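Rule-based calculations on the coordinates, nothing more; no lab input. Computed from a prediction, not measured in an experiment: that's the story for all the values here. Neighbour counts run over all protein chains shown; Cβ positions are idealised from the backbone, glycine included.
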Amino acid sequence: MTFTRRATSTVLGLSFIGFAAGASAQTKWDLPSAYPATNFHTENLVQFAKDVDAATGGKLKITVHANASLFKANEIKRAVQSGQAQAGEVLLVNFENENPIYGADGIPFLATSYAEARKLATAQKPVLEKLLGGQGMKVLFTVPWPPQGIYVNKEIGSVAEMRGLKWRAYSPATAKIAELVGAQPVTIQAAELSQALATGVINSYMSSGSTGYDTKTYESIKYWYDTQAWLPKNAIIVNQKAFAALDATTQAAVLKAAAEAETRGWKISQEKNEWYSKALADKGMKIMKPSPKLMGDLKQVGSIMLADWEKKAGADGTAVISAFRKN
Ligand code: PCA
């Protein structure tokens, strides 16, 4: 009896030591994100994590935490900066109040197609890298959301008809739009949007077909105006110290998988854009072409916002806009 027990504990002891040695050779990263597991951004992140795992022979394990389960959307950047999470996915425009540069891709009607969004991303990249670099973070890759349109519970032919709407905002710029059109903004992150719709807290918002689909917006709102107003980007960022702690081969593997994830993400976003629009229509959403009057009004809102932004963004902002327009 005694002998058996001792034998068992020795075996356990040895296997524990073996496990500990194995674990120390492996690095684990958390990668919080704010969108559902089935969203194309999240699927792309999971593929990125798999690619890193395969390329490093399991030396770097990245766990994607979807749907704001680890941190809320607007907390992820700080979590990565402070090292609470080694990496994370953030919606850049959420941080416009901290620095206008983050909001460049949230200005209505500045860049409205994938080709323009890519030009803007290229123009924004050096300034963004400098900014995040100064905060101890590194950009791994960015992927745009599909173009933004207006979900609304009635037909609208002009901005005047948007007055008084209960408007969900996800960023400073989407709150600003509400202010300019006389709607009442309520900031709600994507993970809480379905509930806000179901309880009638809001009756309108601007976003992509992707988020309308994910949140089953068609169950409470019947119109989506396809305004193609802007394509905001998610950025996958990493804590610089966590990155520097990796050996050179692992670093190279992360950067290679990141470059592939960027190419794949842009392609999927564009491909799924049409798919989402059809899927929404199948669920009963009326996909509306905005009237020239509505478009004209909205573009005016856009030019006010661009002028404001340029004033706030100073020399860095001018550099981004002129690099964007030159290409
Ligand atoms: N979906 C996100 C941001 C932009 C988008 O298309 C959201 O609505 O929160």
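Could you tell me the relative contact order of the range 152-206? Use alpha-carbon pairs under 8 Å, at least six residues apart, and round to a whole percent.
Across the range 152-206, relative contact order equals 42 percent.
In a simple Cβ point-charge model (Lys, Arg +1; Asp, Glu -1; nothing else charged), the chain has a dipole of about 260 debye relative to its Cα centre.
Only DSSP H runs of four or more residues enter the estimate; each adds -39500 (n - 2.57), and after division by the residues of the chain the mean residue ellipticity at 222 nm equals -16500 deg cm²/dmol. Candidates Asn273, Gln240, Leu197 compared by Cα position along the dipole of the chain: farthest toward the positive end lies Gln240, with charges placed on Cβ. Note on Asn153 and Ser303: with the Förster distance fixed at 30 Å, the Cβ-Cβ geometry gives a FRET efficiency of about 0.65.
Determine the sum of side-chain charges near Glu96: Lys and Arg each +1, Asp and Glu each -1, restricted to other residues whose C-beta is under 15 angstrom from that of Glu96. Net charge around Glu96: -1. List the residues of the range 56-99 whose backbone N lies under 17 Å from a point placed 7 Å from the Cα of Lys130 along the Cα-to-Cβ direction. Flagged as within label range: 99. In this label model, Lys256 and Lys326 are separated by 3.3 nm, measuring between points 7 Å along each Cα→Cβ vector. Other residues lying with their Cβ under 14 Å from the Cβ of Asn74 contribute a combined charge of -2, Lys and Arg counting +1, Asp and Glu -1. What the Cβ-Cβ distance of Arg78 and Ser113 gives, at R0 = 56 Å and to the nearest 0.05, is a FRET efficiency of 0.95.
Only beta bridges with both residues in the range 127-232 are counted; by DSSP, about 55 percent of them are antiparallel. Note that the chain carries a Kirkwood radius of 21.1 Å, evaluated over its alpha carbons pair by pair.
Taking the C-alpha atoms only, the angle from helix 40-55 to the longest principal axis of the chain is near 30 degrees.
Only beta bridges with both residues in the chain are counted; by DSSP, about 55 percent of them are antiparallel. Between the listed residues Ala259, Gly57, Ala173, the Cα displaced farthest toward the positive end of the dipole of the chain, a dipole computed from Cβ unit charges relative to the Cα centre, is found at Gly57. If R0 is 30 Å, the Cβ-Cβ spacing of Glu219 and Lys267 corresponds to a FRET efficiency of close to 0.50. Based on C-alpha pairs under 8 angstrom that are at least 6 apart in sequence, the chain has a relative contact order of 24 percent. For the peptides 89-100, 187-198, 139-150, the ranking by packing is 139-150, 89-100, 187-198, with the highest mean count of neighbouring Cβ atoms within 10 Å listed first.
Note: relative contact order over the range 19-103, using C-alpha pairs below 8 Å and six or more positions apart, is 34 percent.
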